[in-house]
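Report on one structure; see the data block that follows.
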Amino acid sequence: MDMQATRESLLAFLSTIKRPDLPMERLHDNDGLVKSGLIDSLSMLEIIAFLESRFRIDFSETGVDPTELESVHNILELIEKRAQ
């Protein structure tokens, strides 16, 4: 999967868990997802589950570094490094 398709897949997923009153169009790739209010901290668990199932990223041995999930940009870098 190329990076643009990966980004679109990620954004499509985020649109299903975001706060309904905040439009995705206002989100930039480097914006903090929780800090911007787009999602709450519990949604981070949903992102982890999405990354595990969609991109087969295994967090069981390495754990989760919250900074890797702060923004769309960081998540895309994580996918690029660790997707199987």
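For the stretch 71-84, give me each residue that is under 15 Å from residue 13 (Cα atoms) and not in a helix (DSSP H, G or I).
Within the stretch 71-84, just 71 meets the criteria.
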| said: residue 38 - would you say it is touching a Lys or Arg at 6+ places or on another chain (Cβ under 7 Å) and over 17 Å from residue 84 (Cα atoms)? | reply: yes
| remark: Going through the stretch 20-54 in order, the residues found to be at pLDDT 90 or above, under 21 Å from residue 3 (Cβ atoms) and acidic (Asp, Glu) are 29, 31, 52
| remark: Flagged pairs (Cβ under 9 angstrom, 6 or more apart or on separate chains; first in the stretch 1-12, farther than 17 Å from residue 24 by Cβ; second outside any helix (DSSP H, G or I)) are 1/83
| query | Pairs, please: C-beta under 8 Å, at least 6 apart or cross-chain, first residue in contact (Cβ under 8 Å) with a residue 40 or more places away in the chain and in the stretch 72-84, second loosely packed, with under 15 Cβ neighbours inside 10 Å and part of a helix (DSSP H, G or I)? | reply | 72/11; 76/3; 80/3
| request: Please specify each residue of the stretch 24-57 satisfying the condition of being surrounded by 11 or more Cβ atoms within 10 Å (Cβ to Cβ) and outside any helix (DSSP H, G or I). | output: 27, 29, 31, 32, 33, 34, 36, 37, 38, 39, 40, 57
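The values are calculated or read from the model by the stated rules, or taken from the named source; none is laboratory data. Not measured: the values here are computed from a predicted model. Glycine also receives a Cβ, built like all others from the backbone with ideal geometry; neighbour counts cover every protein chain displayed.
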